[in-house]
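Comments concern the structure below.
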Amino acid sequence: MKRILTVLLAILMLCALACQPTPTEDVVFNRGDTDVDAIIAASPLPTRDATQSASPTSGASQSHEPEYDEATEGQNPIFPTRYENELSNDATSLTIDAEVITNGLTSYPVYEVRRADFDAEQVRTMAGEIITDIVGVRDGTGFVKSDYPVLMEKATVWGDNNVLTWLSQEMQAAEDVEYREVNEVCIEESIEKQTYRRSDGTTGYISVSPNGMFLTISRCSGAGATDARTAFAIETSEEKTPTPIAPELTQQEAENILAGFLERAGLEGYVVGSAEPARFSSGKTTEIISDGWWFEVVRTFEYYPISVSEKDQGSAGFLQPRDGDILYSPPWYPEYMRVYIDAEGVADFRWQAPVEIIGVANENVRLADFDTVTKSAMNLFSAAFAWYQKHYEENNMPWALCVKIEKIILTVTLQQAKNRPGIAYLLPTWVFLVDVYTTPEMGGRFQYQEAYGFSAIDGTRVPLNHWS
């Protein structure tokens, strides 16, 4: 549901921004046909003196004329500290007044990686902390007969007879499941889906996707964490008075719990990419279980740590293929962890697509100047607005939104290695974080955030996620 709402909002945003001139240049997408291997294999550039920096007034004007130092012979450019630009019409506006974040780098390495498997011993250690007071285990994580009365009770409140009929049929077909007696997590070397029962009758679970890409360990079966905006939407849809999220521990206390948890699991080289208050609630009844903190955890590199895996990326328009283009996607999902922590400790742990770093392909790859990147970005935004112009007019849509970009971050994202199956690069990438708000007349409320990536090597548009 969240994804559907986000896509609809993206459409409305772009419709409102549609009254822009058609760009004079085509949007250049990276479809994996660039010989990135050859670029990476080139001799590393010498490291620039760390005392050199951009002027405090560095930036780019609306005409994209750079005011920062260009790359000198044999060196990478010094990037600005801010970038400003705008697009606007009578209905809404795109305002870029962005901090340009490079994490103080003076060299730009490229990492070579391959997919890694989840380690059974690490999973056993983590699950033993999350799921405690165990008295039994069963294979699988799906609903069993005893789950359906609660689901039917909830459907009765909704008043959906179709759902009630379907649930009744499912309950009749479901089997009673026996739990084997155990008092600890008992996964084997091949990690499988398991549900653990506690002495009070509640259950938690471990789940690994069939392709070995996703791992979830949760204290409560059928429960999940949501951010404040989603929690508000859920309660509002059920005609409840929204309950503000109020964690029982501070962010620092939660981060300390997280650090100890990762250390005991033997997971090194990870840092917090983002943190926000969140709510842990039952998916069956929407009952609030706890309020706490939701962390996105990413690998630490010299680059600024950011997770883009769960951010929407303009699937309603900016990634729309044109003229038969087939968009290139990374070979697998980017790695990230998402961890929910409350006063009792870690309650929900999700780990996606772990990778193994097998080397540094280039210690200091040559990057494009910032003007190349911003021209590519502005061309993309203009093209998206123009693409929706006809749709906006034909449907007479009245919605207007304000779009802001306040951060442009130099990080690394996963990209394909040409003609090398199973190998990928973590390439320097500029990520534009796009925040969407309602207009001041509509309260100026934050709606959602999208992320758009551009290769720091040649400025081409690069998807940040795996879409196939």
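The values are calculated or read from the model by the stated rules, or taken from the named source; none is laboratory data. Keep in mind that this is a model prediction, so the values were computed, not measured. With ideal geometry, Cβ positions are generated from the backbone for all residues, glycine too; neighbour counts draw on all protein chains shown. The accessibility values were calculated without ligands, DNA or RNA, using every heavy atom of the protein model including side chains. Shrake-Rupley method; radii C 1.70, N 1.55, O 1.52, S 1.80 Å.
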- [ ] Test Glu178 against the criterion of being free of Cβ contacts under 8 Å to residues at least 60 places away in the same chain and exposed (fewer than 11 other Cβ atoms within 10 Å of the Cβ), and give yes or no.
- [x] yes
Open item on the list: If I go through the range 80-115 residue by residue, how many of them are open to solvent by 20 Å² or more (accessible area, probe 1.4 Å), farther than 30 Å from Leu45 by Cβ and outside any strand (DSSP E or B)?
Closed with: 3
Task: Any hit, the range 445-453, residues being closer than 30 Å to Arg366 by Cα and of a type in the set (A, V, I, L, M, F, W, C) - done: yes
TODO: Please specify each residue of the range 221-237 satisfying the condition of being over 19 Å from Met337 (Cβ atoms) and either surrounded by 12 or more Cβ atoms within 10 Å (Cβ to Cβ) or modelled with pLDDT of 85 or more (or both).
DONE: Ser221, Gly222, Ala228, Arg229, Thr230, Ala231, Phe232, Ala233, Ile234, Glu235
TODO: Only residues that are surrounded by 15 or more Cβ atoms within 10 Å (Cβ to Cβ) and at pLDDT 80 or above: list them for the range 136-157, please.
DONE: Gly136, Val137, Arg138
Open item on the list: Can you tell me how many residues within the range 410-434 are closer than 17 Å to Leu380 by Cβ and not aromatic (Phe, Trp, Tyr)?
Closed with: 5
Task: Residue in the range 411-431 that is open to solvent by 30 Å² or more (accessible area, probe 1.4 Å), more than 18 Å from Ala361 (Cα to Cα) and either polar (S, T, N, Q) or not in a loop (DSSP other than H, G, I, E, B) (or both) present - done: no
